[in-house]
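The values are calculated or read from the model by the stated rules, or taken from the named source; none is laboratory data. Source: prediction; values computed, not measured. With ideal geometry, Cβ positions are generated from the backbone for all residues, glycine too; neighbour counts draw on all protein chains shown.
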Amino acid sequence: MHILPTFITHYYWGEDEMLKNLCNLPPNEAEAIIANLRTSGKRVWLHSGYLMDRQRVEKWLYREFESKGKKPYLRHPLYFVLGDNDDFFSKNGFFSDKEPAKLQLPLTIFTNDMISFTYPDSMTSLNLVSPPPPDTYELRPREDGQMPTLEEIDEEMRRFAESYRKPQHGQVFTLSEIADVVKRYGMPGTRWQSEPQWRIDRYIEAQVWDDRPIWEFLSTSTFDVS
């Protein structure tokens, strides 16, 4: 599918998660939330270095968006999916053990200076061209019970990245640019379910750098945050 969706979707689990970004919180509060999500079983994949990695990615996003002549209103963006991906974010999926609520917004409420995109999500996109530093990794025993070294994990991460890397990875696109990217590579769609080379390209992420159009839109709509 090579048609650019006309909307973006924000998935969240409870009103306290709607339009929030962990990086806006003091590090100790953010780490407490991450720990709770891990121990509750909702997001067991959140490793101990997640916040450090997330901060690294957001600095990259901000720097790249600014380099295109943009002036972000927000220091830390709000995250959306271009179009939607209900299968990936549904109950018992990658993110939670319950169905999410979702907020869908038309792309027309944003200017080219307010929104950016990565293909796929920003953390995966950057890590495929610039793997995170070893000190963000979490050491876990292998199936044979042996504990890998940081050097071994780093090498595995680099081999993994090389095997899945594509031209659109490691880039931050503007609204006008993502239209050309979709024309060239198509939307991820369901290819990740059937084509091994697309297993990590699950959706195109949108980063909103100005929340004022969102609140204006919500103030004139009948949207229910619950």
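Checking each residue in region 59-111 for being modelled with pLDDT under 95, in contact with a strand residue (DSSP E or B) (Cβ under 6 Å, 6 or more places away or on another chain) and over 26 Å from ASP16 (Cβ atoms) picks out no residue at all. Considered as a group, the residues in region 24-54 that are surrounded by 16 or more Cβ atoms within 10 Å (Cβ to Cβ) and under 21 Å from SER116 (Cβ atoms) include one that is nearest to the chain's Cα centre (by Cα), and that residue is ARG54.
For region 200-222, the criterion of being basic (Lys, Arg), closer than 27 Å to GLY14 by Cα and outside any helix (DSSP H, G or I) is met by at least one residue. Looking at ARG142, is it loosely packed, with under 11 Cβ neighbours inside 10 Å, closer than 26 Å to LEU51 by Cβ and either at pLDDT 85 or above or touching a Pro at 6+ places or on another chain (Cβ under 7 Å) (or both)? Yes: the conditions hold for ARG142. Per the conditions (1) within 28 Å of LYS71 (Cα to Cα); (2) in contact (Cβ under 8 Å) with a residue 24 or more places away in the chain; (3) part of a helix (DSSP H, G or I), the sole criterion not satisfied by ASP180 is (2). Restricting attention to region 172-217 and to residues that are at pLDDT below 95 and β-branched (Val, Ile, Thr), the residue that is farthest from SER116 (Cα to Cα) turns out to be THR190. Remark: MET147 falls outside the filter, which requires a residue to be out of contact with any strand residue (DSSP E or B) (no Cβ under 6 Å at 6 or more places or on another chain) and surrounded by 11 or more Cβ atoms within 10 Å (Cβ to Cβ).
Applying the criterion of being over 19 Å from LEU61 (Cβ atoms) and surrounded by fewer than 16 Cβ atoms within 10 Å (Cβ to Cβ) to the residues of region 190-211, the residue that is nearest to the chain's Cα centre (by Cα) is ARG199.
Does TYR73 count as of a type in the set (Ser, Thr, Tyr) and buried (at least 16 other Cβ atoms within 10 Å of the Cβ)? So TYR73 fails the test.
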